[in-house]
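Structure first, commentary second.
The values are calculated or read from the model by the stated rules, or taken from the named source; none is laboratory data. Predicted, not measured: the structure shown is a model, and the values here were computed from it. Here the Cβ positions follow ideal geometry from the backbone for every residue, glycine too, while neighbour counts run over all protein chains shown.
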Amino acid sequence: MRDTKHEMILFSMYDRTGLQKHFEKLAAEGWMLEDIGNCFLRYRRSEPRQVHFCVSYYYKASAFDPYPTEEEQEFRDFCAHTGWEVAASNGKVLAFYNEREDPTPIETDPALEVDAIHKAMMRSTILAYAVCLLPSLLGLWISIGQLVNDPIGWLSRPSGLFSLLCWLVLLLLLGVELGGYFLWRRRALKAAEQGVFYPTPNHFPLQAVGLGVVAVALAGYLIDVILQSNPLMKLITFVMLGWTVLLYLGVNGTRILLKRKGVSRGVNRAATLAVDVVLAFGLLAVIVFFTIRAAGSGLLDDSSYLSGGPPLSVADLTDVDMDGYRTWTTGDETVLLGQYEIHQHVDWNRDDPDLALPSLEYAVTEVKLPLLYGWCRDRLYHEDDKYGEQFGYRYEVIDPAPWGAKEAWERVYDDGGRTNRFLLCYEHSIVVIDFGSEWTVRFGDHWTPTPEQRAVVGEKLGQ
Amino acid sequence: MPRLKFQTLTEQMFYVLLCLKTECCGMDILDRVPAMTGGRVSVGSGTLYNLLEQFLDAGMIRETKVEGRRRSYVLTEAGVKRLAEEYRRITAQGEDYRRVFGEEGTK
């Protein structure tokens, strides 16, 4: 039988109403609060008992204090005099319990209580949230910018969806916490004028849902990275994950260790900050250095999204020897979309590259959420609009039957010249295929597919 | 319009200051207020701690001695004056009440 249990803290710091009720309920169930950590509450098994809890705020305390200061101890002595004993504390938050039947509350003046909570909040949570707000807004702005510029590619990348979800959830929680606090304070001050204690709002369900969304998104992201991403992405993802955990453990570990050693608040704060900076920048530098080294030495080459090789290659369409080619494959997928691109060109690293060899490039967008199909098609159709105006080309409807497609367009110049780019719509996928890229066209190696070759494309890519 | 600090004293403020006519420490006040009011008024320990700090800042009380963690306080002249003003305010309220309801209304 376990003697201790841990719970993630899903209460707002100022939610004294929710915290008190929760601690009282658990004490009645036989779990007495023992420790308040940064993320978790710890309880120890005890006899079930009806005790009163009171969460109080001592704004002069700090999470870096090795032990309560003389002043804080005096405050605790006052409380002990009326039967209130400290069950646990963390920084400015103190959780007291009282076994008397009808004890005098610690706070008997609502205005003074609101003032004490505000001082504690402004020196800790509000400050931290305000600091978090700026990078969150920046992160969301970058994510939305990427979504606007390359929505299909972005929605196909697990990291894109994951980061957007995280920024959104973080901003939502920050907004609710900050907005909720100031709204509560306004109401509490009004109520205090009438001598009434205003209950604090409970954001427990919202925090639980937010955390659940991030946990599910993170799990999905990691599974996707493990199953599909290339070695470089795997390396970066897991190193960054490890780095985050190490940073958290390093910074918190330093603070707790120095507290236990009895180091003063100032020294502890300076040392923890130093460890934070060194770990943050030092580890990042090490990660970047080794990633560049690994990429440069070829350790991370030959990445492939499609483990079985490209579904369509030049050799499927023409009678060429693939030895003279180099193939680049990139791709990713999420629960909404998948997109992969294949580029097959003459291998320029060879001693005698055959410039006459045809090239092939195509991008396949797999639409998993049918609602997105029309939107994806329109995006791909208009993808080159701005270049089309500049260089004088546009899409023209062609017969989809030879391609085995539902709809098909060919990009043609205004003067009727061909670019040999086609946009093909299949049941669940949309293909943009180039028989000779813009760059290679200059060398005269673009080619127009025959009806047989079009049928092969449909057969290979339209499934 | 927000009320100026200590423009009027709450019941708890009044009794805390009243206790400090003679030198005493915080814990004495916690016991004296209920005793003085027959249990009608109690001051919470957190409330008292904050009140003492604010009275000190406002110069209404001063620290007289420190024995370990026990600090004793006593009213200053400003505190005595403020308490007297509050007494006059409360008395004036009582007189106004009597004027309206007469002596019968006090029974």
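When A:N38 is tested against (1) of a type in the set (S, T, N, Q); (2) in contact (Cβ under 8 Å) with a residue 60 or more places away in the chain; (3) within 14 Å of chain B (Cβ to nearest Cβ), only condition (3) is not met. Residues being surrounded by fewer than 18 Cβ atoms within 10 Å (Cβ to Cβ), within 15 Å of A:V432 (Cβ to Cβ) and at pLDDT below 85 are entirely absent from segment A:373-382. Would you call A:Y393 closer than 27 Å to A:K406 by Cβ, surrounded by fewer than 19 Cβ atoms within 10 Å (Cβ to Cβ) and among the aromatic types (F, W, Y)? No; evaluated as a whole, the condition is false for this residue.
B:Y87 falls short of the stated requirement of being of a type in the set (S, T, Y) and within 14 Å of another protein chain (Cβ to nearest Cβ).
When the helices (runs of 4 or more DSSP H) confined to segment A:132-240 are screened for residues that are within 13 Å of the chain's Cα centre (by Cα), those reaching at least 1 such residues are found at A:158-193, A:204-227.
Against the numbered list (1) within 13 Å of chain A (Cβ to nearest Cβ); (2) of a type in the set (D, E, K, R); (3) more than 10 Å from the chain's Cα centre (by Cα), B:E11 comes up short only at (3).
May I ask you to list the residues in segment A:69-108 that are within 11 Å of chain B (Cβ to nearest Cβ), free of Cβ contacts under 8 Å to residues at least 12 places away in the same chain and surrounded by fewer than 19 Cβ atoms within 10 Å (Cβ to Cβ)? The answer is A:T69, A:E70, A:E71, A:Q73, A:D77, A:A80, A:H81, A:D102. Set side by side, the residues A:L168, A:L174, A:L147 differ, and just one is closer than 30 Å to A:L372 by Cα and either touching a Phe, Trp or Tyr at 6+ places or on another chain (Cβ under 6 Å) or buried (at least 20 other Cβ atoms within 10 Å of the Cβ) (or both), which is A:L147.
Only one of B:E77, B:E53 is charged (D, E, K, R) and within 14 Å of another protein chain (Cβ to nearest Cβ); which?
On the way: B:E77 fails: within 14 Å of another protein chain (Cβ to nearest Cβ).
Of B:E77, B:E53, the one residue that is charged (D, E, K, R) and within 14 Å of another protein chain (Cβ to nearest Cβ) is B:E53.
Among the criteria (1) more than 15 Å from A:F53 (Cβ to Cβ); (2) crowded, with 20+ Cβ neighbours inside 10 Å; (3) free of Cβ contacts under 8 Å to residues at least 40 places away in the same chain, the one A:A120 does not fulfil is (3).
Considering only residues in segment A:129-144 that are more than 17 Å from A:M240 (Cβ to Cβ) and in contact (Cβ under 8 Å) with a residue 24 or more places away in the chain, the one that is surrounded by the most Cβ atoms within 10 Å (Cβ to Cβ) turns out to be A:S136.
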